Amino acid sequence: MGDPEKRQGPLTDLRVIEMGQLLAGPFCGQLLADFGAEVIKIEAPGVGDPMRQWGREKPHGKSLWWPVVARNKKSVTLNLRTEEGQQIVRDLVKDADILIENFRPGTMERWNLGYEALSEINPGLVMVRVTGFGQTGPYSARAGYGAIGEAMGGLRYVVGDPSTQPSRMGISIGDELAAVHACMGAMFAIHARHRTGKGQVVDSAIYEAVLNMMESLVTEYDVAGYVRERTGAILPNVSPSNVFDTADGKLLLIAANQDTVFKRLAEAMGRPELAEDERYATHGARGKYQAELDALINDWTRTIPLDALEEKMNDHGVPCGLIYKAEDMMQDEHFKAREALVKVEHPDFGPITMQNVAPRLSDTPGAVRHVGPELGEHNSYVFSELLGLSDDRQAALREAGII
């Protein structure tokens, strides 16, 4: 019978075994599945990934997060704490390209599923390991959620208003950054495999994925003793780039911090002389007089309604953006034209809207084929078609709580 779904994208020749749960590992699996990889997600029998219960719920009691993070995947149930379950993983690994896991370091080894054991079965296997602190080092055995990685990677300290405690983003950015890095690492390793024929381990630590996004923060301190602090809606010395008020009580983000762009903003304001003023003529000068300049611009923007202000900015080539919520995204003509959001059929909710696949590939684009599967939905395909287990054998494994 073969694969029951038609996949598309550049990764249709790859089979991925996804182990672990929640977000840091599974989001990596989502990205690979979006671009056509066959992702077989292993979940505990009768329980499944906790993400099936997380997020805002509908009256059915079902998660609205699960349909997104598990989209395009296949679900099989398997008790990894049993020898029989571990053997099934080893059997699956024989024909797999990538295995993703986000257990604490040492867990896979205790199950005899570490890279050394699995690479003997399949030397070309790429093993992606996502953890809070990585596979080595004095903190490696610690429990580590995304929030901890955000804190220790430097992000939390610089997010929020200086008058408050460090803030968090409204999303699980630490987990997601670790997953994106894990996905990149998997693709790097697959590319290397084309030359060497060998797989390898991809070690993606949440705190390091966050640290990788921290620009010159460490170097600024090392060389100049400068410590970045929380600055609310702005970046220090980058001006103008702020959220400004409008006459009708709304907000528009205007970013005109480059010299040529600031000149266009000054012209739009009817004050071209500002671009020649020594306080505002250069990037460095505008940074020095940031508060003064932002206040001057805000005095002007609050005299103009939002629609007229946005039009004026666009007419003068000044980057600007509305502060969107989900409702705004769903109504925006640009989102619609590029199909940035897509409707996908859900067995309980009907058509539901979620973000489409990104980035876009011109010749081999990915696609959202289906929402997150039901628990064990693909047991028959995997155990019968891929592994050749008889119906009697599967019945015995179910009776023993192994599948």
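Points to keep in mind about this one:
- Cα long-axis angle, helix 83-93 against the chain (0 to 90 degrees, to the nearest 10): 70 degrees
- Efficiency of FRET between Thr260 and Trp54 - r from beta-carbon atoms, R0 41 angstrom, step 0.05: 0.35
- Shape of the range 1-97, Cα gyration tensor, a/c cut at 1.5: oblate
- As a size descriptor, the averaged projected area of the C-alpha convex hull of the range 166-226 was calculated at 5.8 nm².
- Listed by chain and number, the lysines placed with their C-alpha closer than 16 angstrom to that of Lys74 are Lys6, Lys41; residues fewer than eight positions away on the same chain are left out.
- Listed pairs Lys263/Lys336; Lys73/Lys94; Lys312/Lys336; Lys312/Lys343 exceeding 30 Å between Cα atoms: Lys263/Lys336; Lys312/Lys343
- Once the Cα gyration tensor of the range 183-278 is diagonalised, semi-axes √(5λ) in Å: 43, 19, 16
- Among 368-380, 267-279, 63-75, 331-343, sorting by the average number of other beta carbon atoms lying within 10 angstrom of each residue, highest first, gives 63-75, 368-380, 267-279, 331-343.
- Helical content of the chain, expressed as a calculated mean residue ellipticity at 222 nm, amounts to -10000 deg cm²/dmol (DSSP H runs of 4 or more residues, -39,500 (n - 2.57) each, divided by residue number, nearest 500).
- Cα gyration tensor category, rounded, prolate or oblate, for the range 42-127 with a/c compared to 1.5: prolate
- Helix 173-196 axis, angle to the chain major axis (alpha carbon atoms, nearest 10°): 60 degrees
- Measuring nothing but how far apart in sequence close Cα pairs (under 8 Å, 6+ apart) lie, relative to its length, the range 282-403 scores a relative contact order of 10 percent.
- Value of relative contact order over the chain, rounded to a whole percent, pairs C-alpha under 8 Å and six or more apart: 19 percent
- Built from the Cα atoms of the range 85-180, the convex hull projects on average onto 7.5 nm², one quarter of its surface area.
- Calculated from the structure at hand, Cα extents along the principal axes in Å is found among (1) 83, 50, 42; (2) 89, 46, 35; (3) 57, 53, 41 as (1).
- Per-residue SASA remark: Asp203, around 70 Å² accessible (1.4 Å probe; ligands, DNA and RNA not included).
- Accessible surface of the chain, 1.4 Å probe, proportion on carbon and sulfur as whole %: 52 percent
- For the chain, the solvent-accessible area works out to 51 Å² per residue, with a probe of 1.4 Å and every protein chain left in place.
- Probe 1.4 Å, all protein chains present, accessible-area order of Val159, Val180, largest first: Val180, Val159
- For the range 1-151, averaging the sequence separation of C-alpha pairs within contact (under 8 Å, six or more residues apart) and dividing by the residue count gives a relative contact order of 22 percent.
- Local electrostatic count, Ile323, Cβ distance below 13 Å [Lys/Arg +1, Asp/Glu -1]: -3
- Taking trypsin sites (Lys or Arg not before Pro) across the range 160-251, the ones in a DSSP loop with at most 13 further Cβ atoms lying within 10 angstrom of their Cβ are Lys198.
The values are calculated or read from the model by the stated rules, or taken from the named source; none is laboratory data. Bear in mind the structure is a predicted one, so any value in this text is a computation, not a measurement. Neighbour counts run over all protein chains shown; Cβ positions are idealised from the backbone, glycine included. Areas reflect the complete protein model, heavy atoms only, side chains present, ligands, DNA and RNA absent. Shrake-Rupley method; radii C 1.70, N 1.55, O 1.52, S 1.80 Å.
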